Amino acid sequence: MTEQSFRSDPHRPVYHFVPPSNWMNDPNGLIEWNGEYHLFYQYNPVAAVWGPMHWGHAVSSDLVRWRHLPIALAPTPGGPDADGCWSGVAVNDNGVPTLVYSGHNTQAGRPNDVQLPCVAVSHDRLSSWEKDAANPVIAAPPEHLDVLAFRDHCVWRENGVWKQAIGAGVRGQGGVVFLYQSENLREWQYIGQLAEGESEESGQIWECPDFFALGDRHVLIVSPIPLQRSIYFTGAYNGERFQPMFQGEVDAGGYLYAPQSFTDSQGRRVMFGWLWEGRTEAARVEAGWAGVMSLPRVISLRGDGGLHFAPADEVALLRGNHRAYRAVALAPDDELVLDPAAGNLLDLEVAIEPGNASSVSLVVCRSPDGAEQTRITYDVAAGSLNIDRRRSSADQDTQAAPAGHACLLGSDKTLRLRVLLDRSVLEVFTADGVCLTSRIYPTRRDSLGLALEATGGTARLAGLDMWDMRPVWE
Ligand code: DQQ
């Protein structure tokens, strides 16, 4: 399959990053280098299913318009990564671009779930990568523990040394992040457990740790098995231990996993996450691709110690034609179709005053008869925002489970949302920085309508700004 043959695919996003074809999962190696952003990703170049992992590679000057580059890392037969180059990061080692990733090798007599850290460098401005002869650079997980997994890396510079966090699980205990330090990225000394959880609360294994300072706190993001959703903690770090003080969800929609973030030259903490599919393996294989990267999200600290996620300003560079609606009354239980053919490449900024309604809904991807539609509903009594996919697709094999999260109205009692719709991807951001990402697969070509509905009372659309989004992939 090629970009050409994907043109008629009604579900393939056109302004989110997608692999050229076949399978993509975690973002890897995010780094800004010489004014360009590099995005690497877990990639199976031969099938639309998870398989022997390579590192795909793309570059952008603005975080939203990407150019595919040749595959950066492939498994080396007989090497420590013979069965896959799993997730990792990119760092600037005194001017040398350096990758730290997990080598997967089932032949080495290691338990199937233990991978070991490997290093690769580039001498030609991130074009090609040379693996270190000393790989793996850590020979085994800490010996005194019954380690269930040992993979995924976060590497940073701290007081003149390199620090590394590695994701893991300890049997009978739960997810854990191990902390190491090094002078040269090749010889590592184990410090101890940076943080750990209880398996009943936060899973048995913590994948893809992401650890960084933000404001006056540190942030730890992990992706726990088997929770299948990424969680964050904010808290205090003393150079050896992280003390969590606040816990939250990175995305409440149920489709974002293994996020990674980096600090760019503007000082922003920018995050991407893997959005998985909500359809069957057979449907993915037929489509010829699987996996989407979230839009770039800027992470900031809220006053209550939680995290605030918002689309990076650059997303607005993709805005095209603009339409606006102001001061529209929403009568009780009377669906108002604002535009029957609004489309499915949209950026919406919406402000709704629920008034005395019990709920208000923004409806997207609505077919003219309403048979297919996806509802983003604010439930006033519950104070929650919910995504209802029961009618998103006539295809009964697509996922339709609900997702919801508490959502605060502003002091003016107005619900403010930013909604980014890109065919099968729906990202909904609340004003208080919560994001719910979902996947939808309408079957009808005319499921393009936009509507509003107030239930049980009168509400008011204060304003809606709508932009058509321009494709990144022509
Ligand atoms: N994906 C990678 C692992 C990581 C997992 C393998 C998370 O390194 O733990 O593709 O999705």
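The values are calculated or read from the model by the stated rules, or taken from the named source; none is laboratory data. All of these numbers come straight from a predicted model, not from anything done at the bench. Glycine also receives a Cβ, built like all others from the backbone with ideal geometry; neighbour counts cover every protein chain displayed. Calculation scope for accessible area: heavy atoms of the full protein, side chains included, ligands and nucleic acids excluded. Shrake-Rupley method; radii C 1.70, N 1.55, O 1.52, S 1.80 Å.
Okay, here's what the table says:
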quantity	calculated
Answer from Tyr43, Tyr15, Tyr37 - the residue that is closer than 30 Å to Ile440 by Cα and assigned to a loop (DSSP other than H, G, I, E, B)	Tyr15
Matching residues, the stretch 420-452, being buried (at least 20 other Cβ atoms within 10 Å of the Cβ) and aliphatic (A, V, I, L, M)	Leu420, Leu421, Val425, Leu426, Val428, Val434, Leu436, Ile440, Leu448, Leu450, Leu452
Wholly enclosed strands (runs of 3 or more DSSP E) of the stretch 203-293 bearing at least 3 residues open to solvent by less than 40 Å² (accessible area, probe 1.4 Å), modelled with pLDDT of 95 or more and not β-branched (Val, Ile, Thr)	205-214, 217-225, 231-237, 256-263, 269-275
Strands (runs of 3 or more DSSP E) wholly inside the stretch 50-108 that include at least 2 residues being within 13 Å of the ligand (Cβ to nearest atom) and either open to solvent by less than 10 Å² (accessible area, probe 1.4 Å) or touching a helix residue (DSSP H, G or I) at 6+ places or on another chain (Cβ under 7 Å) (or both)	54-60, 84-93, 96-104
Subset of the stretch 420-473 (residues that are among the acidic types (Asp, Glu) and more than 14 Å from Ala342 (Cα to Cα))	Glu427, Asp432, Glu453
Some residue of the stretch 368-383 being farther than 26 Å from His308 by Cβ and in contact with a Cys (Cβ under 9 Å, 6 or more places away or on another chain)	yes
Residue within the stretch 240-253 that is within 16 Å of the ligand (Cβ to nearest atom), within 15 Å of the chain's Cα centre (by Cα) and within 28 Å of Gly172 (Cα to Cα) present	yes
Test: Gln193 is under 18 Å from Arg241 (Cβ atoms), assigned to a strand (DSSP E or B), without any contact (Cβ under 8 Å) to a residue 40 or more places away in the chain and open to solvent by 30 Å² or more (accessible area, probe 1.4 Å)	no
Residues (touching a Cys at 6+ places or on another chain (Cβ under 8 Å) and open to solvent by 20 Å² or more (accessible area, probe 1.4 Å)) located in the stretch 138-159	none
Options Ser438, Ser411, Ser424: the member that is among the hydroxyl-bearing types (Ser, Thr, Tyr) and free of Cβ contacts under 8 Å to residues at least 60 places away in the same chain	Ser411
Qualifying position, being in contact with a Gly (Cβ under 8 Å, 6 or more places away or on another chain) and more than 13 Å from the ligand (Cβ to nearest atom), among Asn28, Asn44, Asn22	Asn22
Residue that is nearest to Asn184 (Cα to Cα) [pool: residues in the stretch 109-140 that are at pLDDT below 95 and within 16 Å of the ligand (Cβ to nearest atom)]	Gln115
The stretch 129-173: number of residues that are in a loop (DSSP other than H, G, I, E, B) and either touching a residue at least 12 places away in the same chain (Cβ under 8 Å) or within 26 Å of the chain's Cα centre (by Cα) (or both)	17
Qualifying residue in the stretch 178-190 (condition: within 16 Å of the ligand (Cβ to nearest atom), at negative phi, buried (at least 17 other Cβ atoms within 10 Å of the Cβ) and touching a residue at least 12 places away in the same chain (Cβ under 8 Å))	yes
